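A.B. asks: Here it is: the structure, laid out below.
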Amino acid sequence: MRIDRLELFLCRLPLVHFFETSFGRTYDRTFVLARMEGDGHEGWGEAVAEGHPYYSGETTETVWHIVTSFLAPLVVGREFEHPRDIFGALKRVRTHNMAKALLEMTAWTSTPGSRASRCRPCSAGPATASSRACPSASVTR
């Protein structure tokens, strides 16, 4: 599999009802989506990082920064035998496992024939100002 293009989207999803933990109440969820293209296929993935550093040191901002500045240049334009090989290509970057997992999951969904390739983002309705994916970034080679 060859990775020709990687796009990131910063999304904000308002919750129907707040979610409460010992960290406080959450009224929306901010997350990073990735779209990968290569060999005529596309795949999507979602980073599990939160918008704050109270649970983990990785946040949506750190995922965005690490992927665009360090990880994407290691995989875009390269050929991989299998999606599991992506993680090994990212070894140079220490920790940041949520950012690395984002790229690996996205590669799995872009692999033809895998069960993950049948997963696609869905829309519950028209985009609103608060639910649009923005900003975005892309890396192409």
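The values are calculated or read from the model by the stated rules, or taken from the named source; none is laboratory data. The structure presented is a predicted model; accordingly, all values stated were derived computationally and were not measured. All Cβ positions, even for glycine, are placed from backbone atoms using ideal geometry, and neighbour counts span all protein chains on display. Please note that ligands, DNA and RNA were not included when accessible areas were found on the heavy atoms of the full protein model with its side chains. Shrake-Rupley method; radii C 1.70, N 1.55, O 1.52, S 1.80 Å.
A.B. asks: Test of understanding: what is the full-extension gain from residue 39 to residue 25, defined as 0.36 nm times their sequence separation minus their Cα-Cα distance?
C.D. replies: Contour length minus Cα-Cα distance gives 0.7 nm.
A.B. asks: Counting only the heavy atoms of the protein chains, how much of residue 9 is accessible to a 1.4 Å probe, in Å² to the nearest 10?
C.D. replies: Estimated to the nearest 10 Å², residue 9 gives 40 Å².
A.B. asks: Using the Cβ atoms and a cut-off under 13 Å, what net charge is assigned to the surroundings of residue 94, where Lys and Arg are +1 and Asp and Glu are -1?
C.D. replies: +2
A.B. asks: Which ³J(HN,Hα) values, rounded to whole Hz and listed in residue order, are derived for the stretch 38-46 from phi using the Karplus coefficients 6.51, -1.76 and 1.60 in 6.51 cos²θ - 1.76 cosθ + 1.60 with θ = phi - 60°, glycine and proline given as x?
C.D. replies: x, 6, x, 10, 10, x, 10, x, 10
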